[in-house]
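No lab work stands behind these numbers, since they all come straight from the coordinates. Small disclaimer: the values here were computed from a predicted structure and weren't measured. Glycine also receives a Cβ, built like all others from the backbone with ideal geometry; neighbour counts cover every protein chain displayed.
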């Protein structure tokens, strides 16, 4: 090993980290420093709490209790590690090896340094001190043999981090194409969202049949509880029987064995973790070596026969309109063209599809778990508020799009600045681009809640009018925020680029106040509730009438404010151009 090279590489790594910390000056640097100090403080607190819990809380605990505690620690580590993994997948190597290939630098040194740098994650900073503190506390309370839990826990971390690094190397080969990189990231994020909802689906969908039957006698309820208890105990015994074949469970299994006075499972688990982790690092290094040396493995290039025209060229051109050539009835041509172009560009961006997919998955998961609850009892007076809240929640999931309509354009905003179209028509086109997503999300939640709650038909119609009113409000408030507080969205992700501290605070305040702007939508159901509480005629559809009036008034206000908002956009478009086109990575 060349120690001079190693020293230079370490200095380069430190310089890169220092540049990342000092790039955001002022309030941004202060916030970053507070986050770093807070993470270190949380790590110290977790160590102290785990130490005291091991000494005083688990001194006389049974072996199965130790299994449960360490299983909880293991699950917490894996969860936070996966959350951090989603952010790391959007980044490249800590030090790009391709930029050093022309230098006489050992690839193995760079590989090791990049792997060590990947260990500086929030999950490790918080969970590892807790593991060490718990192992030390148990050794003080129950004997020195409990210290074997420390290398066992570190072995788990080594295995997970090594195979995660191997996964990142494998994904790097898939993500060499930028568009494919974003598609892979989108699939991983959506998979993680579904995985995070697994407990909700399990307890609210699959375990729904285990709930007590309404109207059952006390004896029948007691037999049902005993049957569920027996079934749960049988499943738990099966898990304990197969845990030796599941590597992550070797940590709680070793803790249980040490609680029973057996040290061999913990030793075997440590050796097993080390072997599996070493295998993962070896595969990661081999994959990195093949990738940077340009080896393609056994892939065979497709044979292209000369003097052959593509088959598609011989046929006639397809008739019909293209998507961007469609016409929207009642909408000016400039606004319709911009709306279709913006909507198409959003559909082609995987990071936007992630956000839109999340806004659709959340209603499906929440509404699906709501539909199967047999003991759900909602008063009639609360149903209009639930319907209004459902449509408002669907728009709340799209705040980032309505409040920053030009941040996704980046360099494409130059075309809008040079466009001869009226600026109010540009704002109208931007608002129409997000209309399909808002309508689909709102109607999904409204239909799901209506199927289960069975509100009166007039309440359903009133909620549809309230959805239209909320979309108008979102467009109105979003125009103001997009013009006054624009910010650039990093390409390939939904993260904003480095911004000044004042801009960060302003954006946070605007986004927190955004839901308050949706409050007028709750006025019609509240008025109907007060109307009925006063004892006035219930045949008058107060909610429906006021919802129609609210939608009409907001439509008029929206149309009247398009002109002033367009003039404001014209005055600030050069400043917006400088913000959304300057790349600060």
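Cα centroid separation, the stretch 463-494 to the stretch 222-290: 48 Å.
For a quick check: sort 159, 217 by the number of other beta carbons within 10 angstrom, fewest at the front.
Working: 159 23, 217 9.
The most exposed by this proxy come first: 217, 159.
Cα centroids of the stretch 541-584 and the stretch 394-417: 13 Å apart.
How large is the direction-averaged shadow of the alpha-carbon convex hull of the stretch 538-585, in nm²? Don't skip to the end; give the middle numbers.
Working: hull surface 23.3 nm².
Mean orientational projected area (the stretch 538-585, Cα hull): 5.8 nm².
Sorting the segments 108-117, 229-238 by their mean number of nearby beta carbons within 10 angstrom, highest to lowest, gives 108-117, 229-238. Ranked by the mean number of other Cβ atoms within 10 Å per residue, highest first, peptides 70-78, 426-434 order as 426-434, 70-78.
Among 437-443, 548-554, sorting by the average number of other beta carbon atoms lying within 10 angstrom of each residue, highest first, gives 437-443, 548-554.
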